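Asks: Submitted below is the structure of interest, expressed as structure tokens.
The values are calculated or read from the model by the stated rules, or taken from the named source; none is laboratory data. Every value quoted in this text rests on a predicted model; they were computed, and no experiment measured them. Neighbour counts are summed over all protein chains in view; Cβ atoms, including those assigned to glycine, are modelled from backbone coordinates with ideal geometry.
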């Protein structure tokens, strides 16, 4: 999944997050971060145009080609309740808005899901834990509106990674052995019916990953069908 960078500014100075996991504790103790959270936003809205994002009282996030399945880097946002506005790229009127509450020194992903009148923002707390040994932290997020509950499997493995995750739900992070050239299958919960399969992924030790679904089981268009995506939680 591709990322886009912010070129505008929020009401706080946008600085890159720490690139090294071993440095992140010192970073979160820095004075300028005491009243802020780290937020990444994912465009999980099928059939839509590129999006713009804005928090009330701040400049609009000037995103470069924030297309479907793209996400932003982590960016500082003041803690407390913030109203999020989502726009089609360049439009004056927002598609929707939602009040979201952040805790200071926490990390979050926000999934923009569904289409037009049903569009919503799903807030998910991200982990600050570091994987141990030759492993990763892995979880599953179901952002597919009409797919029902989903089980996630590593292709060729009979043990599920996550079970019975409903729309807008996420599984807890689990320790998962780092692996190369792996595919993941989204199955209808409690069945062997494969709804979608990811492209080949590499999970590198020491990182955190979210495997997530988006799109509609009832569609078969390029930007509408149910798909399985993956994102690594890098902290710059």
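Asks: Residue 177 - would you say it is over 20 Å from residue 134 (Cβ atoms), surrounded by fewer than 17 Cβ atoms within 10 Å (Cβ to Cβ) and touching a strand residue (DSSP E or B) at 6+ places or on another chain (Cβ under 8 Å)? Don't jump to the end; show me each part of the working.
Replies: Numbers: over 20 Å from residue 134 (Cβ atoms): no; surrounded by fewer than 17 Cβ atoms within 10 Å (Cβ to Cβ): yes; touching a strand residue (DSSP E or B) at 6+ places or on another chain (Cβ under 8 Å): yes.
No: the conditions fail for residue 177.
Asks: Using the structure shown, decide if residue 163 is touching a residue at least 40 places away in the same chain (Cβ under 8 Å) and farther than 29 Å from residue 49 by Cα. Outline the logic, then answer.
Replies: Numbers: touching a residue at least 40 places away in the same chain (Cβ under 8 Å): no; farther than 29 Å from residue 49 by Cα: yes.
When the stated conditions are applied, residue 163 does not pass them.
Asks: Could you check how many residues of the stretch 59-87 are closer than 25 Å to residue 225 by Cα and exposed (fewer than 15 other Cβ atoms within 10 Å of the Cβ)?
Replies: Looking only at that region, the number is 2.
Asks: Can you pull out the residues in the stretch 203-217 that are over 13 Å from residue 138 (Cβ atoms) and part of a strand (DSSP E or B)? Show your work before the answer.
Replies: Restricting attention to the stretch 203-217, the residues satisfying the condition of being over 13 Å from residue 138 (Cβ atoms) are 213-217.
213, 214, 216 - these are the residues of the stretch 203-217 that are over 13 Å from residue 138 (Cβ atoms) and part of a strand (DSSP E or B).
Asks: Still on this structure, I have one more. Just to be sure I understand, how many residues within the stretch 197-233 are in contact with a helix residue (DSSP H, G or I) (Cβ under 9 Å, 6 or more places away or on another chain) and surrounded by fewer than 16 Cβ atoms within 10 Å (Cβ to Cβ)?
Replies: 1
Asks: Okay, moving on. Consider residue 139 carefully, then state whether it is crowded, with 18+ Cβ neighbours inside 10 Å and part of a strand (DSSP E or B).
Replies: yes
Asks: Considering 118, 130, 168, 106, which residue is more than 16 Å from residue 229 (Cα to Cα) and surrounded by 14 or more Cβ atoms within 10 Å (Cβ to Cβ)?
Replies: On the way: 118 fails: surrounded by 14 or more Cβ atoms within 10 Å (Cβ to Cβ); 130 fails: surrounded by 14 or more Cβ atoms within 10 Å (Cβ to Cβ); 168 fails: more than 16 Å from residue 229 (Cα to Cα).
After ruling out the rest, the residue left standing is 106.
Asks: Somewhere in the stretch 189-202, is a residue over 19 Å from the mean Cα position of the chain (by Cα), part of a strand (DSSP E or B), more than 13 Å from residue 150 (Cβ to Cβ) and at pLDDT 95 or above?
Replies: no
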